[in-house]
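*Asks:* Right, I'll just put the structure down here and ask away after.
The values are calculated or read from the model by the stated rules, or taken from the named source; none is laboratory data. Everything numeric in this text was worked out from a predicted model, so none of it was measured. For neighbour counting, all protein chains shown are included, and Cβ atoms are generated from backbone atoms with ideal geometry for every residue, glycine included. Surface areas here come from the heavy atoms of the whole protein model, side chains and all, with no ligands, DNA or RNA. Shrake-Rupley method; radii C 1.70, N 1.55, O 1.52, S 1.80 Å.
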Amino acid sequence: MAKRLIRSTRQPDDLRFQHVSADLLNDFLVNLNKKNKENLNSLPNCPGVFKQKRLVECILHISQELELDPLVGYHAIELLQRFMVKHLSDMLTTPTPPGATAAEPRSYEDAIIDQLKDQFPLILFSCVQLANKLSLHHHMIRLDIAVNFLHSVGLGVSKKAILESELMVLKGLEFRLSVPNPQTYVETLLEVLGHNEPSIRAERLHPLCHHVLRFVTLQKDVVYDTLLRVTTRCASPSREQREKFVTVTEDCMLLGVAVIAVASFIQYVTKWEQVIGELSHMTGISRKSISDFAHVTLVHIVGESSPAENT
């Protein structure tokens, strides 16, 4: 991505979403691409373990109930994944506490799991809280509102417990909260697309992209499993192929262009090839990779909607 990614064919005053200069947009996209590559090159153990459908649904539901920006939910998902992997690793490598013996490794692991069961709901909520505080569009969740919300879902906690949990997550993440999340990539790519291609009404794609991103996030396992089979041309991919494919499942830039490609197919089917070409130019991702991901997603969207249409 050393070449210039933003075309200077329009004046900044004509930008669809924000009045941002082409130079600033270009720098921002280059920086996002750099962060994405760094993230893929340093994936922790067990990537995606805490991005299971039920957890993702819970986080997105909390964000919606508290009327938070959708970006908060996607950011919270990433924070939860990173914190829990590190937290579990730290707990399992901590010297055996008093009362447990070296002859009881299974009992010690069970005790850790039991402890996490009690902590986990509040940890999850703390990730939402922290993500919200980092959002440029956030409104603060007052402690009394947080307490009442948690009580409403059956979790009796105090204001002190909420603050302590939030601090624990902060320390566990070593105060590094700026992590890649897919919605940031989608919205940045949309803004660049709207700048480079005036005929593509990017602002009309924006709400549709939100629906597509939510679908892919919630149906991640089946969508990526199908994409793996398409990519490998193998009905039963080997363990080695699945391990290599992990970086694809965590690639925010690829997910971002695929989401926009799907939305473009639905909204601007006659200009779809043009959009694919522009997305490829902007990111360096091949047209085939974008098209394959988009086709797989569209197949699953149609598959999800078909039963409802037939009833």
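*Asks:* Name, by its number, the condition in (1) open to solvent by 30 Å² or more (accessible area, probe 1.4 Å); (2) not in a helix (DSSP H, G or I) that does not hold for I200.
*Replies:* Status for I200: all satisfied but (1).
*Asks:* Mind checking which residues of segment 258-281 are open to solvent by 30 Å² or more (accessible area, probe 1.4 Å), among the polar types (S, T, N, Q) and closer than 15 Å to V212 by Cβ?
*Replies:* Matches in segment 258-281: Q267 only.
*Asks:* While we're on this one: Considering only segment 165-216, state which residues are in contact with a Gly (Cβ under 8 Å, 6 or more places away or on another chain) and farther than 18 Å from T283 by Cα.
*Replies:* Those that are in contact with a Gly (Cβ under 8 Å, 6 or more places away or on another chain) and farther than 18 Å from T283 by Cα: R201, E203.
*Asks:* Additional query: Scan segment 126-142 residue by residue and report those that are modelled with pLDDT under 80 and surrounded by 20 or more Cβ atoms within 10 Å (Cβ to Cβ).
*Replies:* Within segment 126-142, no residue meets the criteria.
*Asks:* Can you tell me which of (1) farther than 20 Å from G48 by Cβ; (2) at pLDDT 90 or above is the one P105 doesn't meet?
*Replies:* Failed condition: (2).
*Asks:* Going through segment 169-197 one residue at a time, which ones are open to solvent by 60 Å² or more (accessible area, probe 1.4 Å) and either among the β-branched types (V, I, T) or over 18 Å from the mean Cα position of the chain (by Cα) (or both)?
*Replies:* Within segment 169-197, K171, E174, F175 meet the criteria.
*Asks:* Let me ask something else about it. Considering segment 148-192 alone, what residues qualify as being assigned to a loop (DSSP other than H, G, I, E, B) and more than 20 Å from L66 (Cβ to Cβ)?
*Replies:* Selection gives L173, E174, F175, R176, S178, V179, P180.
*Asks:* For segment 217-257, which positions are out of contact with any Phe, Trp or Tyr (no Cβ under 9 Å at 6 or more places or on another chain) and surrounded by 17 or more Cβ atoms within 10 Å (Cβ to Cβ)?
*Replies:* Those that are out of contact with any Phe, Trp or Tyr (no Cβ under 9 Å at 6 or more places or on another chain) and surrounded by 17 or more Cβ atoms within 10 Å (Cβ to Cβ): Q219, K220, T226, E250, D251.
*Asks:* Out of E278, E203, E273, report the one residue that is more than 23 Å from Q52 (Cβ to Cβ), charged (D, E, K, R) and touching an Asp or Glu at 6+ places or on another chain (Cβ under 8 Å).
*Replies:* Just a single option satisfies the conditions, and that option is E278.
*Asks:* Hey, can you tell me all the residues within segment 55-74 that are part of a helix (DSSP H, G or I) and open to solvent by 20 Å² or more (accessible area, probe 1.4 Å)?
*Replies:* Within segment 55-74, L55, E57, C58, H61, Q64, E65, P70, L71 meet the criteria.
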